[in-house]
Amino acid sequence: MKKITIAIDGFSSTGKSTVAKQIANYLDYIYVDTGAMYRAVALFALENNLLSETHFNKKTLIEALDQIHLEFKKNKESGKTEMFLNGKNVEKKIRTMYVSDFVSSVATISEVRKKLVAIQHQMGVKKGIVMDGRDIGTVVFPDAELKIFMTANAEIRAIRRYNELKEKGENVTFEEISKNVQKRDLIDTTRKDSPLIKADDAIEIDNSEVNQEDQFHIILQLAQDRIAGRI
Ligand code: DC
């Protein structure tokens, strides 16, 4: 059967990765969470004292990019894909608020984007891929057969994120989360290089009032129509 490329972009905490994983599982496609790659680079900068509340040594980070080796590996027990940074499993660390607070600044650096976009592009050469992020339909795969742009009300997104982190046992307040979501929206949409914008040919889905199950079926239908050449 014909394989296509599915690009899922949108704001933070709109459930992109949840639906992208569901679609990839159903179609037996590869799923790639590009946010995890930016998060791993941010973690590298934090752990090497290149980035803190008070300073950001961008030049040294750019010079060190060749020393950053990223790999996605499947956890055999959980079946979930995990991010490895220079051979170390950093899946848990990259999801913390500590990393969330800094990742958008790291994602503004063109050299970082260039490196990650090249890797992402390579992952999708054979198609049969669902990739989620901010610039997948606009920059990474402008020719993707199906592009989805996900949005949701900012407060609803903050509530979802808060519940998710609480479930993981993180000690965070709703105010912190809400501020983080708003800050990332602002940085992601206003940065010079590859800002978060809807591609002209993307289908926008506002899921403020749509549950995960319905959303999965809407996107799956679109994917199946594209694969069959119906739309
Ligand atoms: O999807 P996420 O929340 O894990 O992404 C973390 C950050 O990485 C997000 O604030 C913006 C950045 N990002 C990006 O600039 N481009 C992508 N393709 C994916 C993520």
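The values are calculated or read from the model by the stated rules, or taken from the named source; none is laboratory data. Here the structure is a predicted model, which is why all the values come from computation and not from measurement. Quick reminder, even Gly has a Cβ in these numbers, built from the backbone with ideal geometry, and neighbours come from all protein chains shown. For accessibility, only protein heavy atoms count, side chains too; no ligands or nucleic acids. Shrake-Rupley method; radii C 1.70, N 1.55, O 1.52, S 1.80 Å.
Go through segment 199-227 and report how many residues are crowded, with 17+ Cβ neighbours inside 10 Å and either out of contact with any helix residue (DSSP H, G or I) (no Cβ under 8 Å at 6 or more places or on another chain) or farther than 23 Å from LYS21 by Cβ (or both).
Here the count works out to 2.
Go through segment 161-186 and give me each residue that's surrounded by fewer than 17 Cβ atoms within 10 Å (Cβ to Cβ) and not acidic (Asp, Glu).
ASN163, LYS166, LYS168, GLY169, ASN171, VAL172, THR173, PHE174, LYS179, GLN182, LYS183, LEU186
Please give the number of the condition TYR26 fails out of (1) away from the ligand (no atom under 14 Å from the Cβ); (2) out of contact with any helix residue (DSSP H, G or I) (no Cβ under 7 Å at 6 or more places or on another chain); (3) open to solvent by 20 Å² or more (accessible area, probe 1.4 Å); (4) assigned to a helix (DSSP H, G or I).
(2)
Please determine, by comparing only the residues of segment 4-23 that are assigned to a helix (DSSP H, G or I) and open to solvent by less than 10 Å² (accessible area, probe 1.4 Å), which one is farthest from the ligand (Cβ to nearest atom).
Looking only at segment 4-23, we keep the residues that are assigned to a helix (DSSP H, G or I), and these are 16-23.
Restricting the remaining residues to those that are open to solvent by less than 10 Å² (accessible area, probe 1.4 Å) gives 19-20, 23.
Values: VAL19: 13, ALA20: 10, ILE23: 16 Å.
Ranking the qualifying residues of segment 4-23, first place goes to ILE23.
Cβ-Cβ distance below 8 Å, separation of 6 or more or different chains: which pairs start in segment 187-207 with a residue that is aliphatic (A, V, I, L, M) and end on one that is in a loop (DSSP other than H, G, I, E, B) and at pLDDT 95 or above?
ILE187/ALA107; ILE187/THR108; LEU196/PHE11; LEU196/ARG134; LEU196/ASP135; ALA199/PRO142
Identify, from the list LEU27, LEU51, LEU46, the residue that is more than 18 Å from the chain's Cα centre (by Cα), under 30 Å from MET1 (Cβ atoms) and at pLDDT 95 or above.
On the way: LEU51 fails: under 30 Å from MET1 (Cβ atoms); LEU46 fails: under 30 Å from MET1 (Cβ atoms).
Answer to the check: LEU27.
Which helices (runs of 4 or more DSSP H) does segment 60-176 wholly contain that include 3 or more residues that are within 16 Å of the ligand (Cβ to nearest atom) and out of contact with any strand residue (DSSP E or B) (no Cβ under 8 Å at 6 or more places or on another chain)?
Details: elements: 91-94, 97-106, 110-123, 154-167.
Result: 97-106, 110-123, 154-167.
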